[in-house]
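What follows is one structure encoded as structure tokens, with my remarks underneath.
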There are 2 protein chains.
Amino acid sequence: MRLIVNGFGVVGQSFAKLLLSRSEDLYRLHGVNPRIVACVDKGGCAVSETGLDLQRLLSTKKLSGTIGVYNPGNHIFDPLRLIEKVDAEILLESTPTNLDNGEPGISNIITAMKSGKHVITVNKGPLALAFPSLIELANYNNVELRFSGTVGGGMPILEFAKRCLRGDSIISFHGILNGTTNYILSKMGEGLTFDEALNDAKHKGYAEATPSLDIDGYDAAAKLVIMANWIMGMKVTIKDINRRGISQVTLSDVKRAHKNGKAIKLIAICDKRQLAVKPTELSYVDPICVDGTLNAVTFSSEYSGNHTIIGHGAGGIPTASAVLRDLIDIRDTIFERRQTADLKSD
Amino acid sequence: MRLIVNGFGVVGQSFAKLLLSRSEDLYRLHGVNPRIVACVDKGGCAVSETGLDLQRLLSTKKLSGTIGVYNPGNHIFDPLRLIEKVDAEILLESTPTNLDNGEPGISNIITAMKSGKHVITVNKGPLALAFPSLIELANYNNVELRFSGTVGGGMPILEFAKRCLRGDSIISFHGILNGTTNYILSKMGEGLTFDEALNDAKHKGYAEATPSLDIDGYDAAAKLVIMANWIMGMKVTIKDINRRGISQVTLSDVKRAHKNGKAIKLIAICDKRQLAVKPTELSYVDPICVDGTLNAVTFSSEYSGNHTIIGHGAGGIPTASAVLRDLIDIRDTIFERRQTADLKSD
């Protein structure tokens, strides 16, 4: 399977590393042989119809800061035209999340689907802003759209909800979907003020220099949109989320909660009454009351009770493993379609 | 789909109740229309080729203590011959777990498979004693063997491990697989002695009158066998488990652990070095360190890190929902096989 990788940051590079280290076992165990035939970053593009040399691609990125110098003399660079023209089955969209207008991800995804390519996105922006219409466009063009890595990094939160409870139905869910804010709130639980905890998170690399995406609940809200659409069959976008971040949470709030056996967590919730992201007091004995950068979600089902899943919701290699999961899933879907078509035409 | 239900205790009755309450939505949502055509308990059997009247079956059981009086004049009763002769697609084996020789479950399952019937078992005994050979027999007879309800009640622990982490691989797992012992240890954490906590568990209905199956770790070991075979591809039986129960855990052990920020839990573990069930000290911040009757398992994967799943590992309706999950899964498998066969013969 041939991929175009658009965006070559932490996840894109981790995916290339994963392919490098697993090239043999992927074919042996899963029957897939993924090749990256084009790669795009802010500085340019690298193209090879037979598959890019991933070792060289990674070292080019490391040395030059861009893969634009991978192909000497390659100066043509229109990412959308590249997505349209390069012969490939799948676009991996891994440009940074932009919750203002979803670009460049949204144009990349639309262009790929219109030219008959399946899409794996780890970029939440397009889904947060336009989930229902992107699914519609995928169906219309008879291509697959996958996004396992957008929620929970390598955690199979979406797979759990869709595949593990067949015959039952999920009636609501709530959880911690953002590791950065959970780290900050956990540190406040240890006695740091909000500013001290935020600085600590920045120092450890958990928070960006301008951390509004996390702190103000946008990241959790984007993930909530994806879950509400995919798991609950809603048709909502980020505008429909009632969102409040953690910047107003004070150390005295945290201490007051602690006296009552509770911790304050940034909880995303989807039930009959609300679709919201907000600081919420949780009992310490609640299974989702986890600390540090952990993510945790509890699904309430109609017949089998509550199910909680907990894991590290971020990281390059874990998220790259979610991309691989999506890739194998797309391969299976194509294979099933082809098999049926072949048998029918026999 | 026609089922024979052998064993009409809590799970068997819950399954009948679930079918009664969901008869319409099961067909509408999942395309299945399960009918119980024969039911067996210690007192006899009830048979109807067109499907038993579940309301009457349940009230017969309630009033008479057995469904043996459902068919007036029906005195023939050889359960194995019944499994062999009654026209049905699936046997639901729900007789009590027997870890000495697996009977009557093991004979029921073997008879069903040899007569071409798929099997769903919620009885751990046969799997704990003979997992590898039962799987072999199922393959040989071209039938499906499913057992989702044997581990974690309604929790999809087995599904999670098999379906949610494709492209990755699970390298080890450990967890709390028995709610009764977890309840007792949690109560000891609140200051009760072992005997007091055990009595409390009996009083609440969490422990049997002769609770050795739970207390001595047999139940957890049986579940560990199932997970080790199914998830890790091992070929082991309960004899291969290094097993130690909780009856030697004292209140002072629990208090000593607590001083170090730890709780004692009965942990089942499967990794490169060991296949064991034993009391283990866990840090309170470990996600699987859950209290009460909760079950919890952490899977360690090669690429996507640790994943924990937590839920209530028991209960009639939740376990019945796992049976339904197995049933839908078998239907899909049969359907796929038939579709391929039909297309090939076109």
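The values are calculated or read from the model by the stated rules, or taken from the named source; none is laboratory data. Since the model is a prediction, treat every value here as computed from it, not as a measurement. All Cβ positions, even for glycine, are placed from backbone atoms using ideal geometry, and neighbour counts span all protein chains on display.
Would you mind stating whether residue B:338 is more than 8 Å from every other protein chain (Cβ to nearest Cβ), within 30 Å of residue B:13 (Cβ to Cβ) and of a type in the set (Lys, Arg)? In short, no.
Would you call residue B:198 away from every other protein chain (no Cβ under 14 Å), over 25 Å from the mean Cα position of the chain (by Cα) and aliphatic (A, V, I, L, M)? Spelling it out, it is not the case that residue B:198 is away from every other protein chain (no Cβ under 14 Å), over 25 Å from the mean Cα position of the chain (by Cα) and aliphatic (A, V, I, L, M). Considering only residues in region A:140-187 that are of a type in the set (A, V, I, L, M, F, W, C) and more than 25 Å from residue A:218 (Cβ to Cβ), the one that is surrounded by the fewest Cβ atoms within 10 Å (Cβ to Cβ) turns out to be A:171. Taking region A:1-49 and the strands (runs of 3 or more DSSP E) fully enclosed by it, the elements with 2 or more residues that are buried (at least 17 other Cβ atoms within 10 Å of the Cβ) and touching a residue at least 40 places away in the same chain (Cβ under 8 Å) are at A:2-6, A:35-41. The lone criterion from (1) assigned by TED's automatic domain parsing to the domain that holds residue A:250; (2) more than 17 Å from the chain's Cα centre (by Cα) left unmet by residue A:294 is number (2). For region A:314-333, the criterion of being more than 11 Å from every other protein chain (Cβ to nearest Cβ) and touching an Asp or Glu at 6+ places or on another chain (Cβ under 7 Å) is met by at least one residue. Residues in region B:8-63 that are β-branched (Val, Ile, Thr) and within 12 Å of chain A (Cβ to nearest Cβ): B:32 only. Of all the residues in region B:105-138, those that are out of contact with any Asp or Glu (no Cβ under 7 Å at 6 or more places or on another chain) and free of Cβ contacts under 8 Å to residues at least 40 places away in the same chain number 11.
Per-residue answers, yes or no, for (1) modelled with pLDDT of 95 or more; (2) of a type outside the set (A, V, I, L, M):
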residue	(1), (2)
A:158	yes, no
A:163	no, yes
A:171	yes, no
A:185	yes, no
A:230	yes, yes
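Any residue that is touching a Leu at 6+ places or on another chain (Cβ under 8 Å), in a loop (DSSP other than H, G, I, E, B), on the phi < 0 side of the Ramachandran plot and assigned by TED's automatic domain parsing to the domain that holds residue A:198 - is there at least one of those in region A:257-264? No - not one qualifying residue is present in region A:257-264. Among the listed residues B:158, B:129, B:165, which satisfies the condition of being within 14 Å of another protein chain (Cβ to nearest Cβ), out of contact with any strand residue (DSSP E or B) (no Cβ under 8 Å at 6 or more places or on another chain) and among the hydrophobic types (A, V, I, L, M, F, W, C)? After ruling out the rest, the residue left standing is B:158.
When restricted to residues that are crowded, with 16+ Cβ neighbours inside 10 Å and in a helix (DSSP H, G or I), region B:212-250 contains 19. Confirm whether residue A:90 is modelled with pLDDT of 95 or more, touching a helix residue (DSSP H, G or I) at 6+ places or on another chain (Cβ under 8 Å) and surrounded by fewer than 17 Cβ atoms within 10 Å (Cβ to Cβ). So residue A:90 does not fit the description; no.
Going through region A:24-47 one residue at a time, which ones are small (Gly, Ala, Ser) and at pLDDT 90 or above? Within region A:24-47, A:38, A:43, A:44, A:46 qualify. For residues that are among the aliphatic types (A, V, I, L, M) and facing another protein chain (nearest Cβ under 7 Å), scanning just region A:269-293, find the one that is surrounded by the fewest Cβ atoms within 10 Å (Cβ to Cβ). The residue in question is A:285.
For residue A:263, the requirement of being without any contact (Cβ under 8 Å) to a residue 40 or more places away in the chain, buried (at least 18 other Cβ atoms within 10 Å of the Cβ) and more than 22 Å from residue A:156 (Cβ to Cβ) is not met. For region B:59-66, state whether one or more residues are assigned to a loop (DSSP other than H, G, I, E, B) and β-branched (Val, Ile, Thr). For region B:59-66, residues assigned to a loop (DSSP other than H, G, I, E, B) and β-branched (Val, Ile, Thr): present. Residues in region B:302-313 that are farther than 15 Å from residue A:299 by Cβ and either surrounded by fewer than 22 Cβ atoms within 10 Å (Cβ to Cβ) or facing another protein chain (nearest Cβ under 7 Å) (or both): B:302, B:303, B:304, B:305, B:306.
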